[in-house]
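> Sharing a structure here in structure tokens format.
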Amino acid sequence: MTLERIPWDQYFMAQSVLLSLRSTCTRLEVGATIVRDKRIIAGGYNGSVSGDVHCIDDGCYVVDGHCVRTIHAEMNAILQCAKFGIPTDGAEIYVTHFPCLQCTKMILQAGIKKIHYLKDYRNDQYALALIEQVGASVDQVTLSKKYFAELQLGEELASIDEAPQTDQ
Ligand SMILES: [Zn+2]
Ligand SMILES: [Zn+2]
């Protein structure tokens, strides 16, 4: 059997999907991974400011139809770089959903040159125009089941379930 290695795009997008499972807002679960030179430099999901309550516990804080409690996944990933002093110039980002206009502006201003996204989500026309205007690019990734068929995470990790749970 020849081992077919998982392509980078599949690997990084799967990382974002995994991160989205940590989202604390039930309205939309988003994950984002920032990559430079084929290395993951940061990751984020949409959630509250550290130390605040979570939407999943207290309900969303909705103003004008939007939950204002959460920081978007893309912003969290970029802020992680700011917090720890990691350069984002020339990096790429993998996001589970097409970024909103505010996140797109931040991504571009952080010097990120390529946006890979999994699902279309209210794709903003101005965001698309901006991406082109500044010479960045956008690319939709489709995850292919064949690269994940061998994972069987639940079974492989079944024995770990029996160990005492240490949450967070
Ligand atoms: Zn919320
Ligand atoms: Zn956003």
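> Only one of these is in contact with a strand residue (DSSP E or B) (Cβ under 7 Å, 6 or more places away or on another chain), buried (at least 17 other Cβ atoms within 10 Å of the Cβ) and farther than 24 Å from Gly135 by Cβ: Cys25, Cys81. Name it.
Within the list Cys25, Cys81, the selection yields Cys25.
> Which residues, counting only those in region 82-110, are in a loop (DSSP other than H, G, I, E, B), hydrophobic (A, V, I, L, M, F, W, C) and away from ligand 1 (no atom under 16 Å from the Cβ)? Even if it seems obvious, please write down each step before you answer.
Just the residues of region 82-110 that are in a loop (DSSP other than H, G, I, E, B), to begin with: 85-91, 98-100, 110.
With the extra rule that they be hydrophobic (A, V, I, L, M, F, W, C), the set shrinks to 86, 91, 98, 100, 110.
Across region 82-110, the qualifying residues are Ile86, Ala91, Phe98, Ala110.
> Select from region 1-53 the residues that are acidic (Asp, Glu) and under 15 Å from the mean Cα position of the chain (by Cα) and write down the one among them that is nearest to ligand 1 (Cβ to nearest atom).
Among residues in region 1-53 that are acidic (Asp, Glu) and under 15 Å from the mean Cα position of the chain (by Cα), the one nearest to ligand 1 (Cβ to nearest atom) is Glu29.
> Given the options Thr96, Thr88, Thr104, name the one that is within 25 Å of Gln10 (Cβ to Cβ), touching a residue at least 60 places away in the same chain (Cβ under 8 Å) and crowded, with 19+ Cβ neighbours inside 10 Å. Please lay out each step first, then the result.
Working: Thr88 fails: touching a residue at least 60 places away in the same chain (Cβ under 8 Å); Thr104 fails: touching a residue at least 60 places away in the same chain (Cβ under 8 Å).
Sole residue among the options that is within 25 Å of Gln10 (Cβ to Cβ), touching a residue at least 60 places away in the same chain (Cβ under 8 Å) and crowded, with 19+ Cβ neighbours inside 10 Å: Thr96.
> Give region 54-70 a look and list any residue that's exposed (fewer than 12 other Cβ atoms within 10 Å of the Cβ) and either closer than 10 Å to Thr24 by Cα or more than 10 Å from ligand 1 (Cβ to nearest atom) (or both), or say none.
Within region 54-70, Asp57, Val63, Asp64, Gly65 meet the criteria.
> So, in region 124-143, how many residues would count as being out of contact with any Asp or Glu (no Cβ under 7 Å at 6 or more places or on another chain) and buried (at least 16 other Cβ atoms within 10 Å of the Cβ)? First the steps, then the outcome.
Of all residues in region 124-143, those out of contact with any Asp or Glu (no Cβ under 7 Å at 6 or more places or on another chain) come to 124-140, 142-143.
Checking the rest, the ones that are also buried (at least 16 other Cβ atoms within 10 Å of the Cβ) come to 124, 127, 130-131, 136, 138.
Adding up the residues that qualify gives 6.
> Scan region 37-81 residue by residue and report those that are in a strand (DSSP E or B) and in contact (Cβ under 8 Å) with a residue 24 or more places away in the chain. Can you show your working first?
Keep residues of region 37-81 that are in a strand (DSSP E or B), which gives 39-45, 47, 62-63, 66-67, 71.
Answer for region 37-81, where residues must be in a strand (DSSP E or B) and in contact (Cβ under 8 Å) with a residue 24 or more places away in the chain: Ile40, Ile41, Ala42, Gly43, Gly44, Tyr45, Gly47, Cys67, Ile71.
The numbers here are math on the coordinates, done by the rules we state, and not lab data. Bear in mind that the values here come from a model prediction, so they are computed numbers and not experimental data. With ideal geometry, Cβ positions are generated from the backbone for all residues, glycine too; neighbour counts draw on all protein chains shown.
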